[in-house]
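Each remark here refers to the structure printed beneath this line.
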Amino acid sequence: MEVEKMDENEWKYHGEGNQSLVVAHCQRCAVLRFLKFPPHQNKTSEEILHHLQNIVDFGKHVMKQFFGENYVHHGEIVQLPLDFIRQLCVKIQPERPESRCDKDMDTLSGYAMCLPNLTRLQTYRFVEHRPILCIEIKPKCGFIPFSSHVSQEIKHKVCRYCMHQHLKVANGKWKRPSKYCPLDLFSGNKQRMHFALKSLLQEAQNNLKIFKNGELIYGYKDDQDSVSDWNELARHLKPFFFPSNGLVSGPHCTRTIVKELIHVITMALLSSTEACRAGDMRTVPISHGRSYCEASAFNKELVRNGKHKLESSGLPRGCLLYKTLQAQMLDMLDIEGLYPLYNRVEQYLEEFPEERSTLQIDGPYNEAFYEKLLDLSTEDDGTVAFALTKVQQYRIAMTAKDCSIMIALSPCLQDECSEQRPVVLTSKSRFTFSVSVLDLDLKPYESIPHQYKLDGKIVNYYLKNVQAKDDPVMSSLFKENEDCTLVLHKV
């Protein structure tokens with residue numbers, strides 16, 4: 001990118017999260033990512049550069065090892081003219097969702113990250129004028145805690161996502177709970193995966209977005225505003241799946257197109273390009289714990305029909321879902337087992353604050369940092385070193401639980417599909433595709449106490465308001481004493 005000749009009119013608002021804001025180039029496959037801060041929290045240019053460098057290094061030296069070379073795009077840091085950044089900031093302000101405006105884009109340091117635009121990017125140099133469809137999925141945590149530190153039995157039965165849905169609806173974040181359960185998506189069983197993807201399409205929340213040529217056509221723009229009309233979606237997708245227009249419109253047509261879309265997403269998620277084999281990760285056995293969640297709508301349907309056994313197919317080892325699950329399962333102790341270890345590290349740092357950099361809590365995220373993550377022992381020897389390793393593994397797991405998977409699809413003709421490109425077929429068309437992973441910033445060390453409190457809130461709300469309703473004995477107990485506090489005496 002030529003930094004000298006920057007024109008803010010060539011860039012448009014693309015989206016933002018809690019930490020950063022992204023703008024996309026109108027023609028080229030590039031995005032710029034700027035950090036965000038609360039007003040009046042001025043960081044020096046050096047601090048911002050350091051922060052961005054950490055993000056790049058973490059992607060390059062750590063996440064690439066877990067996910068494999070082809071899936072991770074770590075980007076590079078660029079220094080931009082300040083007047084370009086200020087004009088850009090003014091230009092995009094009206095498009096920012098209100099709920100995100102509590103923080104301002106960094107316009108003072110001049111630094112940003114330049115990354116490929118994954119809503120348009122393919123791993124191959126495609127003919128630029130080809131239409132590109134991109135599905136972004138935030139799969140969330142795909143396993144049920146298997147740790148013996150878990151204090152509430154419900155956590156061994158119902159997954160975190162399904163429990164959290166009820167609290168989010170109660171807090172007004174969403175209008176109704178989604179039927180999506182991450183364990184169905186991560187099962188590798190096509191029937192369960194199809195059900196999970198259909199549920200995501202019905203209630204996208206912020207777990208699914210669909211882009212056409214880089215423009216959002218389906219999903220939540222922000223917490224308040226959704227674009228989720230299936231007929232409208234089918235209208236956008238019809239040329240991709242039924243190019244010769246052999247399908248009349250109507251509900252049957254919409255259903256058929258959505259079915260084809262789900263099939264394509266499933267095949268892309270299960271695909272494994274052998275070139276993407278990650279480093280020799282010693283893996284956490286996936287057989288730990290149960291492979292289904294009792295609250296899953298798919299599971300409840302089976303139970304209703306008198307079937308109790310779910311077919312579990314397992315994931316192909318090379319596919320991105322498998323790698324994501326492996327990284328998530330570095331959370332071996334659950335937050336309940338981890339929190340006392342975090343406190344052990346904290347106490348040590350209170351005594352020896354100068355050790356913080358030696359312990360690499362805030363980076364540098366280099367090969368040495370990665371090497372320490374490979375120790376999968378769960379035998380606590382009482383040391384700070386053990387506690388720190390588990391804390392860092394938990395942060396990686398949290399990152400993997402919150403990442404996004406991008407599937408970019410482009411139609412190709414029979415004679416164009418050469419051997420080197422992965423291809424997925426539907427009844428009337430064929431697509432070349434690429435799969436990438438996004439949102440891989442390391443979760444902050446400081447957020448662990450918040451995670452611990454939130455976990456308690458989610459579980460208590462679920463036990464009191466959801467499970468109690470399903471269990472008449474529990475329900476009457478809660479009614480008699482709405483504000484019941486459990487006091488445990490040492491025996």
### Task
With respect to Ile217, determine if the residue is open to solvent by less than 70 Å² (accessible area, probe 1.4 Å), at pLDDT 85 or above and not in a helix (DSSP H, G or I).
yes
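Residue by residue through region 263-296, note down the ones that are modelled with pLDDT under 70 and β-branched (Val, Ile, Thr).
Scanning region 263-296 gives Thr273, Thr283, Val284, Ile286.
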Notebook entry, point to check: Can we say Leu167 is open to solvent by less than 10 Å² (accessible area, probe 1.4 Å), in a helix (DSSP H, G or I) and either out of contact with any Asp or Glu (no Cβ under 8 Å at 6 or more places or on another chain) or among the aliphatic types (A, V, I, L, M) (or both)?
Noted result: no
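Table: residues versus (1) touching a strand residue (DSSP E or B) at 6+ places or on another chain (Cβ under 6 Å); (2) among the small types (Gly, Ala, Ser).
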position: Val31; (1), (2): yes, no
position: Leu52; (1), (2): yes, no
position: Ile55; (1), (2): no, no
position: Lys60; (1), (2): no, no
position: Gly68; (1), (2): no, yes
position: Pro81; (1), (2): no, no
position: Gln93; (1), (2): no, no
position: Arg96; (1), (2): no, no
position: Leu108; (1), (2): no, no
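Quick grid of which residues meet (1) assigned by the TED database to the domain that holds Pro239; (2) open to solvent by less than 20 Å² (accessible area, probe 1.4 Å); (3) modelled with pLDDT under 95; (4) not acidic (Asp, Glu):
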residue: Thr123; (1), (2), (3), (4): no, no, yes, yes
residue: Val127; (1), (2), (3), (4): no, no, yes, yes
residue: Pro139; (1), (2), (3), (4): yes, yes, no, yes
residue: Ser148; (1), (2), (3), (4): yes, no, yes, yes
residue: Arg160; (1), (2), (3), (4): yes, no, no, yes
residue: Met163; (1), (2), (3), (4): yes, yes, no, yes
> Looking at His74, is it in contact with a Gly (Cβ under 7 Å, 6 or more places away or on another chain), at pLDDT below 95 and buried (at least 16 other Cβ atoms within 10 Å of the Cβ)?
Replying inline: yes
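Yes/no per residue for (1) more than 30 Å from Cys319 (Cα to Cα); (2) open to solvent by 40 Å² or more (accessible area, probe 1.4 Å); (3) among the small types (Gly, Ala, Ser):
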position	(1), (2), (3)
Val23	no, no, no
Glu47	yes, yes, no
Asp83	yes, yes, no
Arg86	yes, yes, no
Pro94	yes, yes, no
Lys103	yes, no, no
All conditions in (1) more than 19 Å from Met63 (Cβ to Cβ); (2) of a type outside the set (Ser, Thr, Tyr); (3) outside any helix (DSSP H, G or I) are true of Asn343 except (3)
Within region 25-45, of all residues that are open to solvent by 30 Å² or more (accessible area, probe 1.4 Å) and within 22 Å of Thr119 (Cα to Cα), the one nearest to the chain's Cα centre (by Cα) is Arg33
Does Arg356 satisfy the condition of being among the basic types (Lys, Arg) and touching a strand residue (DSSP E or B) at 6+ places or on another chain (Cβ under 9 Å)?
no
Filtering region 182-194 down to residues that are open to solvent by 60 Å² or more (accessible area, probe 1.4 Å) and within 17 Å of the chain's Cα centre (by Cα) yields none
Of Lys209, Lys179, the only residue that is more than 16 Å from the chain's Cα centre (by Cα) and either in a loop (DSSP other than H, G, I, E, B) or outside the structural domain of Gly15 (by the TED database) (or both) is Lys179
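The values are calculated or read from the model by the stated rules, or taken from the named source; none is laboratory data. These figures come from a predicted structure and were not determined experimentally. Because the Cβ atoms are built from the backbone with ideal geometry, glycine has one as well, and the counts that use them run over all protein chains shown. In case anyone asks, the SASA skips ligands and DNA or RNA and just uses the protein heavy atoms, side chains included. Shrake-Rupley method; radii C 1.70, N 1.55, O 1.52, S 1.80 Å.
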